[in-house]
Amino acid sequence: MITIRLARHMMATRFELVLSDAGDFDTESSLRAVGEEALNEIAVIESRLSYYSPTSELSGLNRDAGTADVKLAPDVFELLVLARTLFERTEGAFDPTVRPLMECWSLAGDSDGPGVLPSTDQINRALTMTGMHSVQLDAKNNTVRFTRAGISIDLGGIAKGFAIQRATEFLRDSGIGSALLHGGTSTVSVIGDDRDGVPWKIGIADGLHVLATVELSDQCLSVSAQSGKMRVIDGVQYGHVVDPRSGRPVSVNAVAACVCKSATQSDALSTAALVLGPGSNLESIPDVGIAVWATGDPPRLSSVSGLPTFQPR
């Protein structure tokens, strides 16, 4: 059996890919070529959905959709349709228009220097510039229009999962029967079982502690955690995830994990689970497993649902 490992830095994180083949590929180089092409899929998605690149499709949308209907490629349009569906299903806990609030709290990806505690008026003003209900989607023409001033789309909470999902689909279509692909360890997608024929055993961590393990086979896992991207404002630590409904950083929940069939959805739903915490309607979604840990050192498991192979530490 041939096993190869590949890695590449994209989307401001490190992607790693493990491929195992039981004989369908003649040489290691042919298997490696498929793996490299899968990583190229991620690079293409990054170029198209980057918030920061002025030439990306997303930047064009944010630049023009406030004043005109913007036509998108079918796959990007469908991603926005899914984003709106998840926005509605999570009651606004997942919201790709949240960037004005992130900037308000100095938590956006390009923020640096000391943070400044925003006033209530500043938070309320930022809230007026958020909400997927202000993003008009025309399915007949694949066009998007913003219906409120200040709205923009930042797909940072779902784009990595989407890219991993596309790469996984490419691997499956290429005949790969066993693979693991992760981006920054926060979103993992696996094909089949590992090279020994047993489910892939994956750890859930917050950056400091291993909190649990799960077994995956043809599934995806995403983890959202507050640690690692904290910002200190007036001596108080704030996590990097903002509740789009209140406009304030999440403080009660420290870590959330989501397991499902789609990396696109697990990426978004882990963030929503961190915002919503235990007892949310996410726990009733078929074929979706959710675990949430409360703030602590180490974080304390507060709920788990739909994860039969979950083993807390």
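The values are calculated or read from the model by the stated rules, or taken from the named source; none is laboratory data. A quick note: this is a predicted structure, and the numbers were derived from the prediction, not measured. Neighbour counts run over all protein chains shown; Cβ positions are idealised from the backbone, glycine included.
Do you know which residues across the stretch 249-258 are without any contact (Cβ under 8 Å) to a residue 40 or more places away in the chain and either more than 29 Å from Arg125 (Cβ to Cβ) or outside any loop (DSSP other than H, G, I, E, B) (or both)?
Ala256, Cys258, listed by residue number.
Looking at Gly35, Gly60 in this structure, which one is more than 19 Å from the chain's Cα centre (by Cα) and within 24 Å of Glu16 (Cα to Cα)?
After applying the criteria, what remains is Gly35.
I'd like to check which strands (runs of 3 or more DSSP E) are fully inside the stretch 123-234 and have at least 2 residues that are touching a helix residue (DSSP H, G or I) at 6+ places or on another chain (Cβ under 9 Å) and within 21 Å of Val304 (Cβ to Cβ).
Because the criterion is at least 2 residues that are touching a helix residue (DSSP H, G or I) at 6+ places or on another chain (Cβ under 9 Å) and within 21 Å of Val304 (Cβ to Cβ), the strands (runs of 3 or more DSSP E) in the stretch 123-234 that meet it are 187-191, 220-225.
Can you work out which of the residues in the stretch 256-313 that are closer than 16 Å to Val190 by Cα, of a type in the set (S, T, N, Q) and under 14 Å from the mean Cα position of the chain (by Cα) is surrounded by the fewest Cβ atoms within 10 Å (Cβ to Cβ)?
Ser262
If only one of Thr213, Thr147 is surrounded by fewer than 17 Cβ atoms within 10 Å (Cβ to Cβ), more than 20 Å from Ser20 (Cα to Cα) and in contact with a Lys or Arg (Cβ under 8 Å, 6 or more places away or on another chain), which one is it?
Thr213
When Phe162 is evaluated against the numbered criteria (1) aromatic (Phe, Trp, Tyr); (2) modelled with pLDDT under 95; (3) surrounded by 23 or more Cβ atoms within 10 Å (Cβ to Cβ), which criterion, by number, is the only one it fails?
Among (1) aromatic (Phe, Trp, Tyr); (2) modelled with pLDDT under 95; (3) surrounded by 23 or more Cβ atoms within 10 Å (Cβ to Cβ), Phe162 violates only (2).
If I filter the stretch 1-46 down to residues being surrounded by fewer than 17 Cβ atoms within 10 Å (Cβ to Cβ), small (Gly, Ala, Ser) and under 16 Å from Arg195 (Cα atoms), which single residue comes out as modelled with the lowest pLDDT?
Ranking the qualifying residues of the stretch 1-46, first place goes to Ala22.
For Leu58, state whether it is of a type outside the set (Val, Ile, Thr) and under 22 Å from Ala263 (Cβ atoms).
Spelling it out, Leu58 is indeed of a type outside the set (Val, Ile, Thr) and under 22 Å from Ala263 (Cβ atoms).
Can you tell me how many residues in the stretch 138-173 are farther than 17 Å from Phe87 by Cα, among the aliphatic types (A, V, I, L, M) and touching a strand residue (DSSP E or B) at 6+ places or on another chain (Cβ under 8 Å)?
4
Please find, among Glu169, Glu88, the residue that is surrounded by 14 or more Cβ atoms within 10 Å (Cβ to Cβ) and among the acidic types (Asp, Glu).
Numbers: Glu88 fails: surrounded by 14 or more Cβ atoms within 10 Å (Cβ to Cβ).
None of the other options fit; the residue is Glu169.
Any chance you could count how many residues in the stretch 259-313 are outside any helix (DSSP H, G or I) and polar (S, T, N, Q)?
Matching residues across the stretch 259-313 total 8.
So the check is Cβ under 8 Å with 6+ separation or different chains; which pairs have a first residue in the stretch 233-248 that's among the β-branched types (Val, Ile, Thr) and at pLDDT 80 or above and a second one that's part of a loop (DSSP other than H, G, I, E, B) and crowded, with 19+ Cβ neighbours inside 10 Å?
Pairs that qualify, where the first residue is among the β-branched types (Val, Ile, Thr) and at pLDDT 80 or above and the partner is part of a loop (DSSP other than H, G, I, E, B) and crowded, with 19+ Cβ neighbours inside 10 Å, are Val241/Gln226; Val241/Val250; Val242/Val98; Val242/Trp105; Val242/Leu107; Val242/Val250.
For residues in the stretch 273-305 being touching a Cys at 6+ places or on another chain (Cβ under 9 Å) and modelled with pLDDT under 95, which is nearest to Ala225 (Cα to Cα)? Explain how you work it out, then say what you get.
Initially, the stretch 273-305 is screened for residues touching a Cys at 6+ places or on another chain (Cβ under 9 Å), giving 273, 282, 285, 287-291.
After this cut, where a residue has to be modelled with pLDDT under 95 as well, the list is 282, 285, 287.
On the way: Leu282: 17, Ile285: 22, Asp287: 22 Å.
In this case the residue turns out to be Leu282.
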